1. I'd like the full set of residues that are surrounded by 12 or more Cβ atoms within 10 Å (Cβ to Cβ) and farther than 25 Å from A:Asp20 by Cβ, limited to segment B:161-184.
2. What number goes with the only condition from (1) in a loop (DSSP other than H, G, I, E, B); (2) modelled with pLDDT of 90 or more; (3) crowded, with 21+ Cβ neighbours inside 10 Å that A:Ile212 does not pass?
3. Hey, can you tell me all the residues within segment A:1-51 that are outside any loop (DSSP other than H, G, I, E, B) and under 13 Å from A:Ile83 (Cβ atoms)?
4. Of all the residues that make up segment B:51-72, how many are within 14 Å of chain A (Cβ to nearest Cβ) and crowded, with 21+ Cβ neighbours inside 10 Å?
5. Out of segment B:154-197, which residues are acidic (Asp, Glu), part of a helix (DSSP H, G or I) and in the same structural domain as B:Ala142 (by TED's automatic domain parsing)?
6. Residues being among the basic types (Lys, Arg) and modelled with pLDDT under 85: count how many of those fall in segment B:87-137.
7. So, A:Gln93, is that one surrounded by fewer than 24 Cβ atoms within 10 Å (Cβ to Cβ), on the phi < 0 side of the Ramachandran plot and at pLDDT 90 or above or not?
Amino acid sequence: MDYTYYPGCSLESAHSSYSDSVKSVFKHLGCNLIELEDWNCCGATAYMSVKETMGFAISARNLALAEKYHRDIVAPCSSCFTILSKTNRYLKQLPDLNDKINQCLKEGGLEYKLSLRVRHPLDVLVNDIGIKAIKAKAKYSLEGLKIANYYGCQIVRPEKDFDDREEPVTMDNLFSALGAENVYYPMKVKCCGGMLMTTYEDVALKLSMENIESAVNNKANCIVTTCPLCQMNLEAYQDLINKTFKKDYNIPVLFFTQVLGHALGIDKKELGIDKNLTDDIKINGKLLHQLV
Amino acid sequence: MKIVDIQAPGRLSRTEEDLRLSFFKQLEIIPNSEKIKSCIQCGTCTGSCPVSYAMDLSPREVIALFRAGDIETILKSRTIWVCASCYACQTRCPSLIKVTEIMYALKRLAMEKNLYPPHFPIHSLQESFVKIMNSYGRLHEARLLVYYFIKTNPFKLFSFLPLGLRMAKKKRIGYFPEKIKDLKGFRKIIKKAEEFDMPLIQEETQYLKGAVGYGAVSKETVLEPKIK
């Protein structure tokens with residue numbers, strides 16, 4: 001099956017490993033991701049929250065560009081996914097807004113006819129391809145892996161899309177089918193602080209610390225996430241968290257496609273595991289990719 | 001019931017009346033935003049909010065203040081800028097109030113009216129974001145940080161150096177912003193959208209001549225809005 005791929009700004013630079021791993025996992029499972037020609041930034045929360053029509057207009061530009069291919073659009077970044085699907089939903093719900101936005105798009109020679117579906121790779125993997133098919137293609141078992149599944153807040157909210165808003169289980173089901181153990185992790189949709197890490201560091205550090213603490217206390221040996229900003233906050237700021245709160249956490253934070261890719265037997269380099277700042281996952285003193 | 005029918009108890013000051021009208025206009029683009037009137041003040045939003053401990057007004061208080069007719073206090077508080085938009089409040093609200101969206105509406109109102117909390121320049125991040133977006137069509141993270149800290153606290157930039165170096169070693173920093181190809185068309189879309197985002201004519205309310213102070217600013221004394 002073919003999908004239109006919307007990488008988003010963050011996946012182009014700081015989180016290219018996420019983009020690489022999503023692409024290689026999809027390729028391995030026989031799905032084509034075709035990058036959207038000339039996409040622009042989705043607007044993210046920052047833009048959307050301060051300029052209403054402009055926010056919707058630039059986000060709708062992507063939808064308009066993608067519509068002509070008649071494929072679902074796949075956005076791995078939680079923020080992009082939320083914003084694009086929110087725009088899509090609002091345009092369908094509010095005819096007035098739709099009218100305004102289409103006037104704007106017309107200036108750029110575009111039109112959006114509301115026929116698109118916005119998807120997250122996790123949704124596509126589990127609901128389109130199916131856990132059974134993935135399991136059939138899996139090369140290695142994830143046995144010994146104790147995963148804290150961290151969904152982050154924006155992938156399942158604000159409206160219910162493909163999973164529950166408080167207790168999502170898609171990722172848990174996927175990894176338990178592949179042999180991993182999902183630890184009890186009550187923080188799975190708790191906020192990591194997001195952009196507050198730049199603007200109000202004290203608060204974001206505390207939130208991220210609590211998320212890591214819960215994973216460590218529940219004896220997870222890795223945190224697996226779907227959101228680039230969560231990954232950044234939990235991983236890159238782990239040193240600062242240790243310094244601030246006098247802890248000594250050293251827990252790997254990976255993207256779910258990196259772990260899934262490993263199970264499928266995809267090369268470590270292709271999954272961009274080298275680009276992670278924390279150490280690789282260790283099971284009984286051995287690195288994950290050395291086990292096989 | 002429409003949103004504009006929600007009335008504040010008692011009489012409002014002139015600025016407050018203006019803020020209220022603009023706020024209603026901001027609420028209009030949120031589906032089902034009239035639910036704001038069915039708040040039962042249970043505090044689920046505050047309890048669910050991971051950052052409410054750092055706010056000077058809790059989300060529940062924000063709604064209470066709106067109903068009491070004091071939007072100015074809300075805009076001068078840090079609350080709306082501390083919100084990390086995780087949607088926990090909105091997910092759990094038993095009255096189905098779109099709390100996070102209301103926070104956004106308040107942010108837009110603050111930007112429009114230039115009313116910010118003192119010594120708390122978080123809104124500069126949003127401004128920097130808009131600036132970069134409008135010139136490239138895509139976000140450039142490194143530039144966003146630089147712009148933001150130049151505006152707020154340039155010395156803070158140095159504290160990012162160690163992390164920046166670690167990221168650079170792993171080739172995780174993009175040094176040059178990527179531009180989209182059809183920047184012309186993109187700007188045209190933005191320009192058109194900007195027209196819709198312009199402050200509203202409705203706010204140019206005319207008041208009775210010679211009317212000053214509290215007594216002069218209730219609904220009855222305000223003339224019909226003058227349309228240019």
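The values are calculated or read from the model by the stated rules, or taken from the named source; none is laboratory data. All figures in this text were calculated on a predicted structure; none of them were measured in a lab. All Cβ positions, even for glycine, are placed from backbone atoms using ideal geometry, and neighbour counts span all protein chains on display.
1. B:Asp182, B:Leu183
2. (1)
3. First, pick out the residues of segment A:1-51 that are outside any loop (DSSP other than H, G, I, E, B): A:2-5, A:9-12, A:16-28, A:32-35, A:44-50.
A:Cys9, A:Ser10, A:Ala44, A:Thr45, A:Ala46, A:Tyr47, A:Met48, A:Ser49 - these are the residues of segment A:1-51 that are outside any loop (DSSP other than H, G, I, E, B) and under 13 Å from A:Ile83 (Cβ atoms).
4. Adding up the residues that qualify gives 3.
5. Just the residues of segment B:154-197 that are acidic (Asp, Glu), to begin with: B:178, B:182, B:194-195, B:197.
Still in the list and also part of a helix (DSSP H, G or I): B:194-195, B:197.
Selection gives nothing.
6. 1
7. Values: surrounded by fewer than 24 Cβ atoms within 10 Å (Cβ to Cβ): yes; on the phi < 0 side of the Ramachandran plot: yes; at pLDDT 90 or above: no.
When the stated conditions are applied, A:Gln93 does not pass them.
Results for (1) among the basic types (Lys, Arg); (2) touching a helix residue (DSSP H, G or I) at 6+ places or on another chain (Cβ under 7 Å); (3) more than 7 Å from chain A (Cβ to nearest Cβ); (4) over 24 Å from A:Thr53 (Cβ atoms), shown as yes or no for each residue.
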residue: B:Lys98; (1), (2), (3), (4): yes, yes, yes, no
residue: B:Met111; (1), (2), (3), (4): no, yes, no, no
residue: B:Met133; (1), (2), (3), (4): no, yes, no, no
residue: B:Pro162; (1), (2), (3), (4): no, no, yes, yes
residue: B:Arg166; (1), (2), (3), (4): yes, no, no, yes
